[in-house]
Amino acid sequence: MNSGNKRLTGRMDMGFYALNKLACAGAILLLLTIISWLWPASADSPASILGVSIPLEHWVYGYALIASLAADAIISLLPSLNNVKQAALYGAAGFLFFALFTGGDTDTFWVRGLAGAFMLLMYSWGKQTFTSQSLTTPFFALVVPLLCWFVI
């Protein structure tokens, strides 16, 4: 009897983990959408500054989400880390992932790395902010991305 409840709890934990990641991605997509709205029309687009012309959704749901999952895998293999060390690991993973794996010009290596570190630090922040008991978690996971995609 207890093994069934344990399995159900494990599934619920995985579901909440996935919902948390999607909520973090929704918050990052909202922030990047607002930045792209406020960006001066005369200046280069934010994507061209990064050296790679990729849509915002691909940055958030493609590169940043995968880098966040990789950072979580590394954190799970290490002994218990405090929040500062976890944030540092997230930042380093974001920097390395965006600087090395996104391609593009070598001139924008540092800019891409810093953008990746910032996005992964947002995932680290969202890990503590978006809880399973909060209604903001499904809102940012499901509603915000749809609103952003309609606007973009």
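For the reader, a short list of remarks on this structure follows.
- Taken as a whole, region 63-75 holds no residue that is more than 26 Å from PHE150 (Cα to Cα), outside any helix (DSSP H, G or I) and over 11 Å from the mean Cα position of the chain (by Cα).
- Check on SER42, touching a helix residue (DSSP H, G or I) at 6+ places or on another chain (Cβ under 9 Å) and either modelled with pLDDT under 85 or not aromatic (Phe, Trp, Tyr) (or both): no
- Among (1) touching a residue at least 24 places away in the same chain (Cβ under 8 Å); (2) in a helix (DSSP H, G or I); (3) of a type in the set (A, V, I, L, M, F, W, C), the one test that LEU114 misses: (1)
- Any hit, region 124-135, residues being part of a helix (DSSP H, G or I) and open to solvent by less than 40 Å² (accessible area, probe 1.4 Å): yes
- Residue count, region 52-75 (criterion: open to solvent by 60 Å² or more (accessible area, probe 1.4 Å), modelled with pLDDT of 90 or more and not β-branched (Val, Ile, Thr)): 1
- With respect to the conditions (1) touching a helix residue (DSSP H, G or I) at 6+ places or on another chain (Cβ under 9 Å); (2) of a type outside the set (Asp, Glu); (3) outside any helix (DSSP H, G or I); (4) surrounded by fewer than 16 Cβ atoms within 10 Å (Cβ to Cβ), PRO79 lacks only one, and its number is (1).
- Conditions (1) at pLDDT below 90; (2) surrounded by 12 or more Cβ atoms within 10 Å (Cβ to Cβ); number of the one not met by LEU89: (1)
- Pair list, Cβ < 8 Å and 6+ apart or interchain, from region 2-16 residues that are open to solvent by less than 90 Å² (accessible area, probe 1.4 Å) to residues that are at pLDDT 60 or above: PHE16/SER132
The values are calculated or read from the model by the stated rules, or taken from the named source; none is laboratory data. None of these values were measured; they are calculated from a predicted model. When we count neighbours, we look across all protein chains shown, and the Cβ atoms used for this are built from the backbone with ideal geometry, even at glycine. Just so you know, the surface numbers come from the protein's heavy atoms only, side chains and all, with ligands and any DNA or RNA stripped out. Shrake-Rupley method; radii C 1.70, N 1.55, O 1.52, S 1.80 Å.
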